[in-house]
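Take a look at the structure set out below.
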Amino acid sequence: MKKSKMGTIRYEMAYILRYKIWGSVRCFLGIGSPPRISRYHKDHEEQYRSLNKAVAKRHRLRRKRAIAALMFVILFFVLGGICFSAERPTVNVPPIFRQSNWGKTRNDGSCAHAAFITLLKWQGRYNTADMWKKTYSGGEWHPSFERKLEEQGIRFAYTAEENDVGFLEWACRTRRGCGVTIRGGYHMVALVHFDNEWAAILDNNDTKNFIWIPREQFIAEWKSSYSWAVTPVYAPSAPAPEYNEEAN
């Protein structure tokens, strides 16, 4: 029975895939048994045995290389998922940069200054932060605070009494963070994370841990506290994915 032209092409394609391409892949990865010379030519037995041993050795070497490559790929994706995942919180302030509130009492403290000093250190302005700590203290409101910033020549951005949620998103998206008012405007903390679901704050009354709050709950609290937010405008610290807040 005569084969059709299409049947011949399919047969040839199957042959190429099975014996040529797959055979080459198996040989490269060291899969299966190595090829062997099974029929010895008379008077050349030792030569053929040596060839078989050499082929088997190369086959084992390929298999080891394939296993090592597979392990490398697995480690790359596992460790890569850890190292390159988004940092949380976005403004991951290390403990050494966290300025605690100071003053006679919590109700008569320096929360706005403490939050701003934390952000200055986070943005690499250590000398400015030290100067601010030595120069200013006590309660603040946005007109007097902004006047002090202008007098010291500090670059800053702020919003007040405008319910500008976009400012919070910008401050955290650029990894600067910002000081925000809560508790009816009687307290300021550092906003260190703000995404579609969650906000995170660093309270200068207790700087050990970040406090996570549902986004809408935080926005409502901030808006009921005169929606004041302020931040220095410098370069933030580089990401530090190896830092683990829970371990500290």
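The values are calculated or read from the model by the stated rules, or taken from the named source; none is laboratory data. Fair warning: this is a prediction, and the values are worked out from it, not measured in the lab. No Cβ is skipped: glycine too gets one built from the backbone with ideal geometry, and neighbour counts run over all protein chains shown.
Below are the figures for this structure:
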read-out: Pair list, Cβ < 6 Å and 6+ apart or interchain, from the stretch 109-128 residues that are outside any loop (DSSP other than H, G, I, E, B) to residues that are at pLDDT below 95 and polar (S, T, N, Q); value: Trp122/Ser237
read-out: In the stretch 209-226, the residues that are without any contact (Cβ under 8 Å) to a residue 40 or more places away in the chain and of a type in the set (D, E, K, R); value: Arg215, Glu216, Glu221
read-out: Residue match in the stretch 176-183 (condition: over 28 Å from Gly138 (Cβ atoms), among the basic types (Lys, Arg), surrounded by fewer than 15 Cβ atoms within 10 Å (Cβ to Cβ) and in contact (Cβ under 8 Å) with a residue 24 or more places away in the chain); value: no
read-out: Residues satisfying the stated conditions in the stretch 115-138, i.e. charged (D, E, K, R) and either under 14 Å from Pro95 (Cα atoms) or crowded, with 19+ Cβ neighbours inside 10 Å (or both); value: Lys121, Arg125
